[in-house]
Amino acid sequence: MRILIVEDEAIFAMHLEMLVVELGHEVCAVAASARDAVVYASTHRADVALMDIRLARQSSGVDAARELHARYGLRCIFLSGNLDEATRSAVLSCEPVAFIGKPILPVQLQRALQKAARPADL
């Protein structure tokens, strides 16, 4: 699968990229803001996005996910140190694949990516 990583912390984005590649997937782009995520999604055909909830430049992963889903049908695996119920509810219309709390365990990411690879009706 082709993965778009949307994460504003460079070290964590590099760690995610390493994990994605180790799990046998391709990272097609890494974005640090909601705006960059939308731009990269228009040029890179990602299958799923790994989306941090809080991004650089006061941008929101929730807003980015909504726009990616509306424009491209792109679904997200949401990442955050604080995945409260209000945040989860705010992204339900984007058909999230999964929610993973930080720090991320490789097995959690592997399960979420496997889920993303399955057809939505399973």
Checklist outcome for this item: The answer for residue 27, listing residues at least 5 apart or on another chain whose modeled amide H is closer than 5 Å to its amide H, is 3
Next on the checklist: Using only alpha-carbon positions, what ratio does the radius of gyration of the chain give when scaled by 2.2 N^0.38 Å?
Outcome noted: 0.93
Checklist entry - In a GNM of the chain with a 10 Å cut-off on Cα contacts, which of 23, 55, 105 has the highest mean-square fluctuation? => result 105
Item to check | Exposure proxy ranking, count of Cβ atoms within 10 Å, fewest first, for 62, 107 | outcome: 107, 62
Checklist entry - With contacts defined as alpha carbon pairs under 8 Å and 6 or more residues apart, what's the relative contact order of region 9-78 in percent? => result 28 percent
Checklist entry - In deg cm²/dmol and to the nearest 500, what is the mean residue ellipticity at 222 nm of the chain if only DSSP H runs of at least 4 residues count, each as -39500 (n - 2.57), divided by the residue total? => result -13000 deg cm²/dmol
Checklist entry - Which length gain, in nm to one decimal place, applies between residue 85 and residue 56 when the Cα-Cα distance is subtracted from 0.36 nm times their residue separation? => result 8.2 nm
Checklist entry - Based on the Cβ-Cβ distance from residue 15 to residue 111, what FRET efficiency comes out when R0 is 22 Å, to the nearest 0.05? => result 0.80
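Where a number appears in this text, it was derived from the coordinates with a stated rule and is not lab data. Keep in mind that what you see is a predicted model, and the values were worked out from it rather than measured. When we count neighbours, we look across all protein chains shown, and the Cβ atoms used for this are built from the backbone with ideal geometry, even at glycine.
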